[in-house]
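Step one of this worksheet: look at the structure below.
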Amino acid sequence: MSNHVGASASSNQKMQSLDSVSDQFRSALSVEANKPDFKDFPVLSSHASHHPTRPTTSGNTTSSSSSSGSSISVSGKPSPLADSKKYDLGLDGRRSYSGEIVLGPNDPIPGAMDSKSSKPGHRRSGSVPLIYAGGSFSPSFTTGSGSGSSSSASSPITNILPAGNICPSGKIGKTVMMSRSAVRTDTLGSGTGNYGHGNIVRGGTSVASSGKPIEVASCNGVDPSARRAMLSIDSEEVKGVGNEQYRKGNFTEALKLYDRAIALCPDNAACRSNRAAALTGLRRFGEAVKECEEALLLDPAFGRAHQRLASLLISLGQVENARKHLLLASPRPDPVEFRKLQTVERHLDMCAEARKVRDWKSVLKESDAAITEGANASSLVMASKAEAHLRIHQLEEADFVMSNAFKLDNLSSQSPNTKFFGMLSNSYLYVVNAQVDMAQGRFENAVTAAQKARQIDPRNVEIYTVLKNTRAVSRARALGNEHFNSGKFAEAHIAYGEGLKYDSANPVLYCNRAACWSKLVQWEKAIEDCNKALSIQANYTKALLRRAASYTELERWSEAVADYEALRKQLPGDIEVAEALFHAQVALKTSRGEEVSNMKFGGEVEEIMEFEHFQQAISLPGVSVVYFMVALNHNCNQITPFVDSLCKRFPSVNFLKVDVSAIPMVAKVENVRTFPTFKIYKSGTKVKEMICPSHQVLEYSIRQYSS
């Protein structure tokens with residue numbers, strides 16, 4: 001924007017320009033890993049999704065000034081309102097402060113015009129030069145005569161920029177003189193650690209309070225307004241652009257801009273609160289809590305920061321602390337948040353009561369309800385859910401939920417005196433983690449987690465009991481393994497039994513003891529311990545293997561086939577399991593007096609080459625599955641690999657493939673017109689026909705007729 005003041009300009013126009021300069025000047029100055037005893041097959045389960053609540057906005061995103069609210073007059077003398085507080089109408093809708101500026105007679109003036117890049121008679125928008133003379137600021141205008149000639153009243157030879165922070169105290173740090181021709185890049189630290197205390201320096205780095213340079217992320221690919229704001233020295237302008245990025249959902253860019261604004265003005269509570277909002281959008285809840293607390297240290301009466309902190313604490317399940325801050329929110333608590341707090345608190349109270357009477361299904365129900373109603377970022381509530389899963393023998397779900405609880409960025413946000421189910425702070429989280437690890441066979445990890453819980457809350461009786469039991473079970477398992485590896489199977493089964501006295505629902509110890517019974521040729525006892533392990537963990541692979549082997553030794557072929565079929569689903573590529581299943585199926589059919597001469601292990605789908613071959617194949621005893629296909633058909637190409645896998649999984653079934661493009665007579669006689677088509681024959685009689693079946697339907701039908 002250019003500003004020409006001609007010789008014929010009116011006095012009124014000059015005064016308006018002076019006010020504009022004063023306003024612009026004031027605007028620029030305001031502001032873990034053990035090897036388990038079994039293979040782990042995690043089951044995906046649903047969990048509560050998180051939808052961060054964006055803070056409401058009011059008013060402008062940029063600061064505004066008026067002559068009535070200025071703290072510095074054009075003459076440089078403080079106005080009667082110099083000590084008054086200026087309200088920020090940005091994202092928070094709360095006040096920031098514009099302090100009195102204290103400058104010495106020799107201090108440089110921020111915003112001086114670059115004489116090299118600015119033409120005579122023009123000035124850049126937002127960079128009106130002010131000349132210090134006789135203790136007052138005077139705006140410098142370029143005046144010209146009617147003939148078009150012009151001269152500058154003042155033309156500084158350098159850019160004079162403040163290298164330090166411009167703060168509400170009004171003081172400006174030591175300045176840096178820069179050559180007109182130098183290319184300057186203003187950069188700032190990443191926002192971590194001592195953000196807000198570094199100096200704006202040249203060369204792509206920022207200097208922290210320790211004096212160590214900090215590299216900053218590039219602005220390439222960023223919104224142009226955000227890029228410009230990152231080079232600004234006006235904290236209010238930077239914060240305003242940050243607010244715009246926040247409203248667009250660009251939380252990462254908003255965070256960078258708030259970091260920049262905080263570096264320019266570390267004592268601005270609104271910037272701290274807005275930074276907390278951006279961190280919440282990025283699900284960095286622990287950092288968001290700390291940022292709200294920082295804002296409240298700067299301004300204990302900042303109602304919006306209390307409101308934001310209360311909302312965060314509700315999502316973290318800290319209802320007591322949330323209530324304190326919600327009541328301090330001004331002008332009054334948000335009724336929606338207050339209802340949310342009451343609902344979450346009610347579900348947590350019911351959860352605690354159900355836990356006392358060990359009603360784990362109710363604990364699971366109330367934990368889920370608390371997460372759904374608002375405590376969707378609480379690692380402690382998720383730990384409660386994991387504990388309930390563990391107690392009702394849903395180990396995979398417990399392990400999954402527990403791993404997600406530790407992924408939440410809020411462990412450091414817990415108050416040291418906060419209690420959950422009678423345990424201090426995060427000790428409950430580690431107590432549950434220890435028990436989940438122990439159930440999954442991670443005994444050393446379990447002891448470590450229990451010790452952490454004990455360190456946090458050394459006087460809690462429940463934590464002491466968990467630690468004692470965890471250590472006892474871990475020692476028993478280690479001793480049992482030592483005896484087993486030495487061939488002392490009787491001593492090993494006793495050691496595992498000792499461990500079960502401290503944890504009667506540990507599937508690993510039951511399975512290990514079953515292995516001892518197998519070595520002692522006590523197959524019934526081995527099956528009994530495997531049954532106990534599988535009742536706790538239904539898809540426990542080692543327990544299934546040991547039980548299937550015990551059934552085989554007892555010639556209980558039907559049960560053996562069922563277990564091996566389940567194992568084939570878990571271990572589809574395991575040749576030993578496939579072979580064991582085949583032999584069990586052959587033995588079962590033999591015991592029933594059925595024909596087994598056509599059964600073959602590890603066979604491939606047999607391709608039919610002529611019509612007579614087809615007739616002979618479907619007439620064989622047993623079950624035959626005929627796959628009618630066309631080589632270049634897309635659907636056929638997709639299902640062929642699955643048919644090959646079924647052939648290996650059901651060795652007692654005779655799989656046949658008919659390429660109708662090679663022998664069209666078979667398709668004509670069988671009246672097959674759509675591909676792929678499957679027909680199941682039993683001893684020469686067709687019992688089932690399927691056209692383009694799904695994988696599930698095809699497998700179910702084959703299992704139904706082959707059993």
Among (1) touching a Phe, Trp or Tyr at 6+ places or on another chain (Cβ under 7 Å); (2) open to solvent by 60 Å² or more (accessible area, probe 1.4 Å), Arg358 falls short only on (1)
Of all residues in the stretch 510-538 being open to solvent by 40 Å² or more (accessible area, probe 1.4 Å) and not charged (D, E, K, R), the one that is modelled with the lowest pLDDT:
Ala538
If Phe338 satisfies all but one of (1) in a helix (DSSP H, G or I); (2) touching a Leu at 6+ places or on another chain (Cβ under 8 Å); (3) crowded, with 19+ Cβ neighbours inside 10 Å, what's the number of the condition it fails?
(3)
Requiring at least 2 residues that are among the charged types (D, E, K, R), the helices (runs of 4 or more DSSP H) wholly within the stretch 420-497 are 443-456, 461-485
For Pro333: the one exception among (1) part of a helix (DSSP H, G or I); (2) farther than 20 Å from Tyr246 by Cα:
(1)
Looking at the stretch 603-630, I want the residues that are within 19 Å of Val672 (Cα to Cα) and have a partner that is open to solvent by 70 Å² or more (accessible area, probe 1.4 Å) with Cβ atoms under 6 Å, at least 6 apart or on another chain. Which pairs are those?
Phe611/Met665; Val630/Ser661
Out of Leu620, Leu567, Leu632, which single residue is in a helix (DSSP H, G or I) and either in contact with a Ser or Thr (Cβ under 8 Å, 6 or more places away or on another chain) or open to solvent by 50 Å² or more (accessible area, probe 1.4 Å) (or both)?
Leu567
Would you check if there is a residue in the stretch 645-654 being within 30 Å of Ala584 (Cα to Cα), modelled with pLDDT under 90, of a type in the set (D, E, K, R) and assigned to a helix (DSSP H, G or I)?
yes
Mind checking which residues of the stretch 386-410 are open to solvent by 10 Å² or more (accessible area, probe 1.4 Å) and in a loop (DSSP other than H, G, I, E, B)?
Ile392, His393, Gln394, Leu408, Asp409
Which pairs turn up if I take residues in the stretch 666-691 that are within 19 Å of Arg703 (Cβ to Cβ) and look for partners that are open to solvent by 80 Å² or more (accessible area, probe 1.4 Å) and in a loop (DSSP other than H, G, I, E, B) with beta carbon separation below 9 Å, at least 6 apart in sequence or on another chain?
Ser683/Glu595
With the structure loaded, tell me whether Gln696 is under 20 Å from Val561 (Cβ atoms), out of contact with any Asp or Glu (no Cβ under 9 Å at 6 or more places or on another chain) and either of a type in the set (S, T, N, Q) or buried (at least 20 other Cβ atoms within 10 Å of the Cβ) (or both) or whether it fails that test.
no
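Based on this model, can you work out whether Ala383 counts as of a type in the set (A, V, I, L, M), open to solvent by less than 10 Å² (accessible area, probe 1.4 Å) and more than 25 Å from Glu462 (Cα to Cα)?
no
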Here are some residues: Val669, Val643. Which one is farther than 19 Å from Asp574 by Cβ and open to solvent by less than 10 Å² (accessible area, probe 1.4 Å)?
Val643
Of the conditions (1) modelled with pLDDT under 95; (2) surrounded by fewer than 23 Cβ atoms within 10 Å (Cβ to Cβ); (3) in contact with a Leu (Cβ under 9 Å, 6 or more places away or on another chain), Leu429 fails just one. Which one is it?
(2)
Residues that are more than 26 Å from Thr448 (Cβ to Cβ) and either surrounded by fewer than 24 Cβ atoms within 10 Å (Cβ to Cβ) or of a type outside the set (S, T, N, Q) (or both): does the stretch 500-509 have at least one?
no
Lys407 is checked against (1) farther than 16 Å from Leu500 by Cα; (2) among the charged types (D, E, K, R); (3) in contact with a helix residue (DSSP H, G or I) (Cβ under 7 Å, 6 or more places away or on another chain) and fails just one. What number does that condition carry?
(3)
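The values are calculated or read from the model by the stated rules, or taken from the named source; none is laboratory data. Since this is a predicted model, take the numbers as computed values, not measurements. So basically every Cβ, Gly included, is an ideal-geometry build from the backbone, and we count neighbours across all protein chains shown. The area values use the complete protein model at the heavy-atom level, side chains included, leaving out ligands, DNA and RNA. Shrake-Rupley method; radii C 1.70, N 1.55, O 1.52, S 1.80 Å.
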